[in-house]
Amino acid sequence: MKVRASPIRVRLIVATAFAFALLSLLTTFFELRVMRKGSENADDARSISSAQLVKLYIETSVPGQWKERGGYLYRGEERLSFGPSIRGALEEYLPPDTTVLFGTGSPPAQARGAPKEASAQDVPVLEPPPAPGPPPDKAPRQMKKPDIPFHSVLGSCAVVRGEDGEIVGWLAISSGERRRTAQENFYRNLLIVGFGAIYLLIIAVFGARILRLTKPIDVLAEERELALAKNAELANISRTDPLTGLLNRRGLSEIVSNPLSRHGLSHVAMLDIDHFKAVNDERGHDEGDRVLRAVAETLSASVRAADFCGRWGGEEFVIAFRGLADEHASASAERIRAWVEARAFGGGAAPLRVTVTIGVSAVAGGDFEAAVAAADRAMYRGKQHGRNRVVMASSECE
């Protein structure tokens, strides 16, 4: 027996593999973002520190105030150039390939996402409460918030202010450190993607292993389906007459035992083949079986989809009608009687014709068994009065 994968097992494997794969991808993506952000923050912090260091070095090593003169930036009386001497003095503290730029006027534009630099208008001025009796020639003391270096299009930039607090220029620090960091990030990301691929491979192997370990589930599911199919087949056989293919007495009883199936039943007809014993005696039981099958085919073709019929036993058949009045039930039974009478039966050269007697009874109060008994009595009254007729249980035979 070839075992096929059950839908439940397939869904279980697919859901598990998808969950692990999604978790792996999310973890890898989160690691990439955290590492990239951490690396960028570290680079930014080093760059900002370098700009602050250069500014602090100039202010402590060169006396005087920041000023702008003739389009150049000065510290005291010393004009500041591109800063090779500064790079040499701070070589141990600055990254390789560091470039120091100076400029006058407004600082260069900030890089996207960088915090806004502090300008002269943004510097808060704190005025302490007036002291009693201050000297008239002494102005109130002002406290300024220190400028914060920021990232610009030229690198990490720091503004410088003159004696009056106005921005007179700026200095910018740039190096190849960020480019090297980008390369390192690329290889680091490539390594993490490789780990992600390994995760997916592990998940695939794990899923295949689960598929093998859960194979007994499919065997049990297959065996259960076969057992259910066998039980359904046996149940159908137990409810079906093997000769005619109609419901047998047990099948009819199971149908009417269901309230939904019994609902709407209006009449029951009991049909019996006249002189059937003579058919068996004269033509043989094989011919009698052919007659029974032919009568069953006639009944199946005569009843509506809402009605049902079956073999009650021997040469007796039961027909259950739904939603018919007495005259309509009697007319339906009469039509069946006429069709049987007009049909030629038998497999031999000589045609064989049979007739049936039918008793019809109304189903009072849903009592199917009582209606069958009443129809049976009516059918026997019909046989006593000549056979080949339809007799209603509520009427007297002539």
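Every residue in segment 205-259 that is under 22 Å from residue 322 (Cα atoms), among the hydroxyl-bearing types (Ser, Thr, Tyr) and part of a helix (DSSP H, G or I), please. First the steps, then the outcome.
Just the residues of segment 205-259 that are under 22 Å from residue 322 (Cα atoms), to begin with: 239-240, 245-259.
Okay, now just the ones that are also among the hydroxyl-bearing types (Ser, Thr, Tyr), so 240, 253, 257.
Within segment 205-259, 253, 257 qualify.
Has segment 71-78 got any residue that is at pLDDT 75 or above, farther than 30 Å from residue 208 by Cβ, of a type outside the set (D, E, K, R) and in contact with a helix residue (DSSP H, G or I) (Cβ under 9 Å, 6 or more places away or on another chain)? Please lay out each step first, then the result.
Initial filter on segment 71-78 (at pLDDT 75 or above): 71-78.
Right, trim to farther than 30 Å from residue 208 by Cβ and you get 71-78.
Pick out the ones that are also of a type outside the set (D, E, K, R) and you get 71-74, 76.
Checking which are in contact with a helix residue (DSSP H, G or I) (Cβ under 9 Å, 6 or more places away or on another chain) leaves us with none.
No, that holds for no residue.
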Hey, residue 228 hits all of (1) surrounded by fewer than 17 Cβ atoms within 10 Å (Cβ to Cβ); (2) assigned by TED's automatic domain parsing to the domain that holds residue 377 but one; which does it fall short on? (2)
Do the conditions hold for residue 278, that is, is it assigned to a helix (DSSP H, G or I), in contact with a strand residue (DSSP E or B) (Cβ under 7 Å, 6 or more places away or on another chain) and either surrounded by fewer than 17 Cβ atoms within 10 Å (Cβ to Cβ) or not aromatic (Phe, Trp, Tyr) (or both)? no
Checking residue 235 against (1) closer than 19 Å to residue 21 by Cα; (2) surrounded by 11 or more Cβ atoms within 10 Å (Cβ to Cβ), which single condition isn't satisfied? (1)
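Residue 295: among the β-branched types (Val, Ile, Thr) and farther than 26 Å from residue 374 by Cα, yes or no? Can you show your working first?
Details: among the β-branched types (Val, Ile, Thr): yes; farther than 26 Å from residue 374 by Cα: no.
It is false that residue 295 is among the β-branched types (Val, Ile, Thr) and farther than 26 Å from residue 374 by Cα.
Yes/no per residue for (1) under 26 Å from residue 291 (Cα atoms); (2) touching a residue at least 40 places away in the same chain (Cβ under 8 Å); (3) of a type outside the set (Ser, Thr, Tyr):
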| site | (1), (2), (3) |
| --- | --- |
| 316 | yes, yes, yes |
| 323 | no, yes, yes |
| 329 | yes, yes, yes |
| 362 | no, yes, yes |
| 393 | no, no, yes |
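Output the number of residues of segment 25-52 satisfying the condition of being more than 22 Å from residue 174 (Cα to Cα) and either surrounded by 14 or more Cβ atoms within 10 Å (Cβ to Cβ) or touching a His at 6+ places or on another chain (Cβ under 6 Å) (or both). Give the steps one after another, and end with the answer.
Applying the first criterion (more than 22 Å from residue 174 (Cα to Cα)) to segment 25-52 yields 25-35.
Imposing the further condition that a residue be either surrounded by 14 or more Cβ atoms within 10 Å (Cβ to Cβ) or touching a His at 6+ places or on another chain (Cβ under 6 Å) (or both) reduces the set to 27-28, 31-32, 35.
Adding up the residues that qualify gives 5.
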Scan 251, 264 and give me the residue that is surrounded by fewer than 16 Cβ atoms within 10 Å (Cβ to Cβ), among the small types (Gly, Ala, Ser), assigned by TED's automatic domain parsing to the domain that holds residue 355 and in contact (Cβ under 8 Å) with a residue 40 or more places away in the chain. 264
Yes or no: segment 53-60 includes at least one residue that is surrounded by 19 or more Cβ atoms within 10 Å (Cβ to Cβ), hydroxyl-bearing (Ser, Thr, Tyr) and touching a residue at least 24 places away in the same chain (Cβ under 8 Å). no
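The values are calculated or read from the model by the stated rules, or taken from the named source; none is laboratory data. Note that this is a predicted model, so its numbers are computed, not measured. Cβ sites come from the backbone with ideal geometry, for glycine too, and all protein chains shown count toward neighbours.
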